[in-house]
Every structure is written in C-alpha cells, then in structure tokens.
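The values are calculated or read from the model by the stated rules, or taken from the named source; none is laboratory data. What you are looking at is a predicted structure, and each value in this text was computed from that prediction instead of being measured. Neighbour counts run over all protein chains shown; Cβ positions are idealised from the backbone, glycine included.
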Amino acid sequence: MKIDKIETYRVAIPLIKPFKTALRTVHTAESILVKITCDNGVIGWGEAPPTVVITGDTLSSIESAIHNVLKPYLEQKNLLNYEAIFQEIQLILIGNSSAKAAIDMALYDCLSQQCKLPLYQFLGGHKEEIETDYTVSVNGPEEMGEDAVAYVQNGFDVLKVKVGKDNIQTDMDRIREIRARVGGLIKIRLDANQGWSPKEAIHAIRKMEDMDFNIELVEQPVKAWDIAGLKQVTDHVDTLIMADESVFSPRQAFEVIKTRSADLINIKLMKSGGIYQAQIINQLAEVCGMECMVGSMIETKVGISAAAHFAASKKNITRFDFDAPLMLAKELVEGGIKYNGRKIMLPSEPGLGIRHVHIEGGISLGNSR
C-alpha cells in the first residue's frame, strides 16, 4: 500500500456569526484540505486551518511544509510501515503542527480504510457516540446572554464561554448574565485564551466560587509559556483548571503533568501535529490520572471528523469541543460524523467515513497542487 499522490486545496467558508475570543475574531473559516491517494485506490482526507495566533501557521506556510518537505518524503512510501512514517513526520521539520496534522489524519484515514474499520475502532473503539459543547463568543454581556439562551434552546446543555478580553469586571458581568439567563442546570466552562494574569485569574475564579456561579472548569487562564503561573492558579482555586495552549507536544504535556500545573489537558490535533502524537499525550495523562478533552480550531467536518474519531476511541477523553462545523454557513462534506443537536454519531463506514468533499463549495479556491 504505497502513497501515490498528495494534493492540497484551499477552501474558505463564511461563518454564520463571527467567532470571537480574547485572541482573535474569525468571519471566514479558511483551511487547507489534503487528499492522499494510495496505489490501491484508497483515498484519505485531512485538514489544516491556519491559526496564526495559536499555532503560527498560515495558508502559505501549511502548503509549503506539505509540498516542499512532507510530500517528497512520503511519496511512494509503504503506508503499512506507518510507525516509522509517523515518527519521521515529526522529525523532518520543526513546528508546522497544522501541516503535520493534516497529513497525519489523511494517513490514518487510509490505514483504517485498508483495515475496513471506522477510524475510531481502528484506534480503540471506546465510544460510538459523544456529545459536544457549544461556544459562546466573547461579546457584551447582554449579547452573550442571548446567544447562550439560543444555544440551550437548540439542545446544548454544556456551554463553553469565552472570556479574557477587556477586564475582569466585564468578564464577571458576562458570566453573571449567562448564568442568570440559562439557570443552574446548564454546565458552563470558561475559556480565557491566555487573557488573565495569574493573580487576576485567582481573584476572578475565587470570586466566581464565592458567588456560586458553578463553573465546571477554566481553560488556559494565563499565557501559554507561563507554566509556573498556571500552577499558581491551579493550586489556589477549587475550580478545575485546563491547559490548552500550554500543551502542544508530549514533552510539554509531561511537564504540565509532572508539576501538576493543571487538572486537565485540552488536546487539539492542530497543536499536537496529528493523531499519532495526540495518543501519546492522552496516554501520559491517563497513566497519571489526568483526564483530557479534545477540542478543535475553526475547522470543517474533515478535521472535526478526525478529531472526533480520535476522541471517541479513548476512555480517558471525557470532554468534547466539536461545534465548529455547526458554525459554518455551508457544508462541504458528504459523510463523516453526524450531528443530532449536541450528540455526535461516529460513522460505520471505514476510515473517517467521508464519501465526498465538495471542494468547489468554498467561497474561494486556491490552486490544487
């Protein structure tokens, strides 16, 4: 089973509503889609969105990494020797985690198709159905409250609320408004996207605890590089603290786990460089008694299907953040995961279960290479 051809496509799809965090505002979901064809006719799909403020990757850098480095290495390789291939992908260039992830998921799509198994079963098969949260973008308190109510009315019982922008008092007003509107039964997770200092985070979280806001967890309250600050927050509050941007690699995960700088880890394929490395991060966490969530960037159902297959395959992954395809104005993918409100059903077809990708469905299309 040799890798015969690697092609990339640029797509861009408008969002139904702008996606806002402390780090960025997104109006259009841009991505590089990767198509790998093997000599036996098997086709695998992958995806890499450019998330400059988190991974540092742009559309052009993703294409360059794939066509100038990864593609020359991979063409005509026997994919059944996949252990060596996945290790070499991580070694032949530094960084470029999104490009690596797109190639990695396409290769796993091919491998699991060759074995005639859905990818989640190829990887472990722990669950065939999972539930996603829905993200409330950071806006004014009243608008966020209205959005939260709309998402709850659409069946979502876990909200991921973006904060970390403006100031602590405004963030408190945002959370107070949302909790008042949705009631006490809806689970709320906060994501500060590195927006607070350690002292601000401790002050805000303690105040939320005193006011009985019932926050399930707070994700990445401090700067990604500030592991000591992350630990300071974790040690001084009762609320669970989740590391996100602080953990790209297994080595970074090991440092967070060893120092107990967080209670949980958010694994994203675009940070880890794909499923191969993501499995290592999850295994490290599981051995040490730390649960993981799997999240995503603003991706189409290609990338989210890969992330969902990985997440569903593992017992230690207990939280899921896969709402991005529900934010898009168009759907490019036939097949893949299926949504029923907050529930996500894994497909029974081999691989990712993707039957067709309408490349022309994006509002802009770059050159295929």
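Table for the structure above
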| read-out | value |
| --- | --- |
| 1 or more residues of a type in the set (S, T, N, Q), within 17 Å of L190 (Cα to Cα) and touching a residue at least 12 places away in the same chain (Cβ under 8 Å): qualifying strands (runs of 3 or more DSSP E) within the range 122-172 | 134-136 |
| Test for L240: is it touching a residue at least 40 places away in the same chain (Cβ under 8 Å), farther than 26 Å from E88 by Cβ and outside the structural domain of G56 (by TED's automatic domain parsing) | no |
| Top-ranked residue in the range 212-243 [being part of a strand (DSSP E or B) and not acidic (D, E); ranked as farthest from V287 (Cα to Cα)] | I215 |
| Among residues of the range 53-73, those that are over 20 Å from L23 (Cα atoms), out of contact with any helix residue (DSSP H, G or I) (no Cβ under 6 Å at 6 or more places or on another chain) and either outside any helix (DSSP H, G or I) or of a type in the set (A, V, I, L, M, F, W, C) (or both), counted | 1 |
| Meets criteria (within 22 Å of R319 (Cα to Cα), of a type in the set (V, I, T), touching a helix residue (DSSP H, G or I) at 6+ places or on another chain (Cβ under 9 Å) and crowded, with 22+ Cβ neighbours inside 10 Å) for V237 | no |
| Residue within the range 198-210 that is of a type outside the set (D, E, K, R), surrounded by fewer than 22 Cβ atoms within 10 Å (Cβ to Cβ) and assigned to a loop (DSSP other than H, G, I, E, B) present | no |
| Residue tally, condition in a helix (DSSP H, G or I) and either without any contact (Cβ under 8 Å) to a residue 60 or more places away in the chain or closer than 23 Å to P250 by Cβ (or both), over the range 78-121 | 27 |
| Residue match in the range 8-24 (condition: hydroxyl-bearing (S, T, Y), assigned to a helix (DSSP H, G or I) and in contact (Cβ under 8 Å) with a residue 60 or more places away in the chain) | no |
| Top-ranked residue in the range 117-155 [being among the acidic types (D, E) and surrounded by fewer than 20 Cβ atoms within 10 Å (Cβ to Cβ); ranked as farthest from the chain's Cα centre (by Cα)] | E142 |
| Output for the range 94-123, where each listed residue is charged (D, E, K, R) and more than 15 Å from M1 (Cβ to Cβ) | K100, D104 |
| Wholly enclosed helices (runs of 4 or more DSSP H) of the range 244-348 bearing at least 3 residues within 20 Å of K231 (Cβ to Cβ) | 250-259, 275-287 |
